[in-house]
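No value in this document is a laboratory result; all are computed from the given coordinates. Owing to the predicted nature of the structure, the values given are computational and were not obtained by experimental measurement. FYI the Cβ positions are ideal-geometry reconstructions off the backbone, even for glycines, and counts take in every protein chain you see.
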Amino acid sequence: MAENFETVFLRLRNIMLEAAPGTTIAKDAPGTLELRTRKVDLKTKQQEWFGTVTIKKTYVAYHLMPLYNQPQLGDDISPGLAKRKQGKTCFNFTRTDEQLFSELSCLTSACTALVDE
């Protein structure tokens, strides 16, 4: 039996919130978490995106926007986590995987350290 996406979402939501304490919650609703950094984008005059966790139709998406500008942060991810990566900033999950979630937590913390500089 497939795991409930809500369970996966809640676990990933907690990972992002714990690993990114200096960010601002832009949205926290059922199935959606959006975090922003303290830095203001000069173009939009809004706080820059940090990350999101969102329940999609067939997976739960975990976006880390600092990977867009600093892709080298993801250079050392495991093959297991790399299989979950879609594009530059997104990791997709259909079930909990504590080993991958632990690695994702460390990667999120590294991204947090980067935006806090």
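Numbers for the structure displayed
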{"read-out": "Members of the range 67-104 that are buried (at least 17 other Cβ atoms within 10 Å of the Cβ) and in contact (Cβ under 8 Å) with a residue 60 or more places away in the chain", "value": "Phe93, Phe101, Leu104"}
{"read-out": "Matching entry among Thr37, Thr58 (being over 17 Å from Val8 (Cβ atoms) and of a type in the set (S, T, N, Q))", "value": "Thr37"}
{"read-out": "Identity of the residue in the range 14-32, of a type in the set (S, T, N, Q) and under 13 Å from the mean Cα position of the chain (by Cα), that ends up surrounded by the most Cβ atoms within 10 Å (Cβ to Cβ)", "value": "Thr23"}
{"read-out": "Among residues of the range 30-60, those that are part of a loop (DSSP other than H, G, I, E, B), touching a strand residue (DSSP E or B) at 6+ places or on another chain (Cβ under 7 Å) and under 18 Å from Leu100 (Cβ atoms), counted", "value": "1"}
{"read-out": "Among residues of the range 71-117, those that are closer than 17 Å to Val60 by Cβ, of a type in the set (D, E, K, R) and outside any helix (DSSP H, G or I), counted", "value": "3"}
{"read-out": "Filter pass, Arg13 being of a type in the set (D, E, K, R), part of a helix (DSSP H, G or I) and in contact with a strand residue (DSSP E or B) (Cβ under 9 Å, 6 or more places away or on another chain)", "value": "yes"}
{"read-out": "Positions within the range 40-53 being in contact (Cβ under 8 Å) with a residue 40 or more places away in the chain and within 17 Å of Ile15 (Cα to Cα), in sequence order", "value": "Phe50, Gly51, Val53"}
{"read-out": "Looking only at the range 33-66, and only at residues there that are surrounded by fewer than 14 Cβ atoms within 10 Å (Cβ to Cβ) and hydroxyl-bearing (Ser, Thr, Tyr), the one that is nearest to Thr112 (Cα to Cα)", "value": "Thr44"}
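Conditions (1) of a type in the set (Lys, Arg); (2) in contact (Cβ under 8 Å) with a residue 40 or more places away in the chain, marked per residue:
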residue: Phe9; (1), (2): no, yes
residue: Arg13; (1), (2): yes, yes
residue: Met16; (1), (2): no, yes
residue: Thr23; (1), (2): no, yes
residue: Lys27; (1), (2): yes, no
residue: Thr32; (1), (2): no, no
residue: Arg36; (1), (2): yes, no
residue: Ile55; (1), (2): no, yes
residue: Ala61; (1), (2): no, no
